[in-house]
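Report on the following structure.
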Amino acid sequence: MLFVETRGNDASFPKQVKFSDAILAPIASFGGIYSPETMPKFGPTFLQDHLNQSYKSLTLSILNLFEVDIDAQTLQEALALYDRFDDPTNPVPLVNVGDNVYVSELFHGPTRAFKDMALQPFGYILASLAKQRQQQYLILAATSGDTGPAALETFKNCENIQVVCLYPEGGTSDVQRLQMVTESAPNLKVIGIKGDFDDAQAALKYLLASPTFKQQLNKLNVSVSAANSVNFGRIIFQIMYHIHSYLELVRKNVIELGDRVYLNIPSGNFGNALGAYYARKMGLPIERVIVSSNVNNVLTELINTGKYDISEKSLVKTTSPAMDILKSSNVERILFDLFGSLRTHELMRQLDEQRFYQLEPEELATLKQIFIADFCTDEQSNQFIQKHYAKGYLMDPHTATCFKVYDDPLLSTLPSIVYSTAEWTKFSSLIDQAITGQSGRSDREALESISTAANIGIPAVIQALFDKPVCHSLVIDKHLIEDEILRFMNEQT
Ligand SMILES: *Cc1c(COP(=O)(O)O)cnc(C)c1O
């Protein structure tokens, strides 16, 4: 199984690459990214065969279907990292919250957000490849608050790897910031930038594609890669939990194998929803993938009207900051898979140059056969948090955006799996406000407040953050990022 470029080939890159090469060098011709050339299919007995198997063996089977060129031992060691999750026998529990809606909790890993699902095994594989090839890698990560901690956690103290993590100053919760700025290891650098997440992501994409930046690193014998979901190595690990959650519904006798369900996904960069799209294409019986957004509703507009228009839009800060995004990177892989590289190249160029594109009516119709989209305001999201808290379930503001679509009674005719992407501890101040009406509490106070009110413990890894020394205090202008990174790399080598 090979990987090809979403925007076609400009003759300076290979036309097809293996999995290992796609994850080591994720940016392709014309600023495109890598996608599978063809999608593997489950085969008639796949779901049945995996009904009573572990999360790890399901994961291994999917990796095998994609023919990843990673040796068996490395894969086994990478998947053993799921043993660090709260319940090693079931890293992704499924909880019924009433009304035919089931929450798939993706946040039981070491940094308490869904980014661990992929970054734990992906980080291990990338670091192993770097060691095997005796090559030094700089891993760049742009974060709105969850990718950063997860990337630092997975790569800290890895040989042959340096990590630079860019986060928007003031754009994260206290807990998220502390998870990054207190993470001490010689191979890590955390930089706050004056700007929002789109600025951080744009800086990252620019550097990944910049020949002069690469030249400077080459002089130090360093290659560059990315830990964001532009990297297919992230995406592949976001396919399994959709299949796992479906099988959980079967195991709980809610559905029978073959019955259709909705998957409902709080979306930002569209990696999670893309994983669902791939699972559906491989043969998982998904009626529609529901794409939930906050008021930065570019994805809702795209899926309902075929228009991707950010020409007049600017980013709005919401209570679900991981979804505050205008340019959603993984939409590109959907366009590529449905409409091919020529069309994708054309559309992405329009988006870069005019901040706008419009799909053809047939293209839109195709999209609507797969996706449903809606968006949720902060006020509505608060109401969903309150409503479910009153019924005994505590959810974070990203997860809460998924409940808006159920205003439409049609959707309740089939079971839904809603993905919970963060534990309450990562957004405690916002949740505290939603359930107690008290605003302005620090995370530390809010964690205590919720813990007392809901009678749940604060995980030790979160509690410990407040007493750890800060070791990264740098906050800079975005035009200084490149120099700062090169200075760090010069010190490292
Ligand atoms: C990253 C993230 C999202 C968005 O996921 P995408 O795969 O980028 O769409 C949603 N919620 C939380 C809490 C996240 O950390």
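None of the figures in this text is laboratory data; all of them are computed from the coordinates on show. The structure displayed is predicted, hence computed values, not measured ones. No Cβ is skipped: glycine too gets one built from the backbone with ideal geometry, and neighbour counts run over all protein chains shown.
Need at least 3 residues that are out of contact with any helix residue (DSSP H, G or I) (no Cβ under 7 Å at 6 or more places or on another chain) per element, so show me which helices (runs of 4 or more DSSP H) inside the stretch 207-278 make the cut, counting only ones lying wholly within it.
211-219, 240-251
Exactly one of these conditions fails for residue 237: (1) more than 25 Å from residue 382 (Cα to Cα); (2) touching a Lys or Arg at 6+ places or on another chain (Cβ under 7 Å); (3) in contact (Cβ under 8 Å) with a residue 60 or more places away in the chain. Give me its number.
The single condition residue 237 does not satisfy is (2).
When you scan the stretch 25-136 for strands (runs of 3 or more DSSP E) that lie fully inside it, which ones turn up with 1 or more residues that are under 21 Å from residue 282 (Cα atoms)?
Hits in the stretch 25-136: 34-36, 101-105.
Is it the case, given these coordinates, that residue 344 is assigned to a loop (DSSP other than H, G, I, E, B) and not aromatic (Phe, Trp, Tyr)?
Taking the combined requirement at face value, the residue does not satisfy it.
Could you identify the single residue in 477, 467, 483, 443 that is among the acidic types (Asp, Glu) and in contact with a Gly (Cβ under 9 Å, 6 or more places away or on another chain)?
477
Within the stretch 359-398, how many residues are under 17 Å from residue 425 (Cα atoms) and part of a loop (DSSP other than H, G, I, E, B)?
The total comes to 5.
Have a look at 413, 366, 425 and point out the one that is of a type in the set (S, T, N, Q), out of contact with any strand residue (DSSP E or B) (no Cβ under 9 Å at 6 or more places or on another chain) and under 20 Å from residue 277 (Cα atoms).
Result: 366 is the single residue among 413, 366, 425 that is of a type in the set (S, T, N, Q), out of contact with any strand residue (DSSP E or B) (no Cβ under 9 Å at 6 or more places or on another chain) and under 20 Å from residue 277 (Cα atoms).
This table checks each residue for (1) touching a helix residue (DSSP H, G or I) at 6+ places or on another chain (Cβ under 7 Å); (2) buried (at least 24 other Cβ atoms within 10 Å of the Cβ); (3) in contact (Cβ under 8 Å) with a residue 60 or more places away in the chain.
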| position | (1), (2), (3) |
| --- | --- |
| 354 | no, no, no |
| 358 | no, no, no |
| 365 | no, no, no |
| 381 | yes, yes, yes |
| 391 | no, no, yes |
| 407 | no, no, no |
| 412 | yes, no, yes |
| 426 | yes, yes, yes |
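Please tell me if residue 246 is among the hydroxyl-bearing types (Ser, Thr, Tyr), within 15 Å of the ligand (Cβ to nearest atom) and within 17 Å of residue 417 (Cα to Cα).
The answer is no for residue 246.
Please find, within the stretch 391-410, the residue that is farthest from the ligand (Cβ to nearest atom) out of those that are of a type in the set (A, V, I, L, M) and over 18 Å from residue 273 (Cα atoms).
410
In contact with a strand residue (DSSP E or B) (Cβ under 7 Å, 6 or more places away or on another chain), of a type in the set (D, E, K, R), surrounded by fewer than 24 Cβ atoms within 10 Å (Cβ to Cβ) and under 23 Å from residue 79 (Cα atoms): is that true of residue 301 in this structure?
Criteria not met by residue 301.
Restricting attention to the stretch 157-165, does a residue exist that is free of Cβ contacts under 8 Å to residues at least 60 places away in the same chain, touching a His at 6+ places or on another chain (Cβ under 9 Å) and within 16 Å of the ligand (Cβ to nearest atom)?
yes
Would you mention how many residues in the stretch 365-390 are under 22 Å from residue 261 (Cα atoms), away from the ligand (no atom under 16 Å from the Cβ) and not β-branched (Val, Ile, Thr)?
Of the residues in the stretch 365-390, 5 are under 22 Å from residue 261 (Cα atoms), away from the ligand (no atom under 16 Å from the Cβ) and not β-branched (Val, Ile, Thr).
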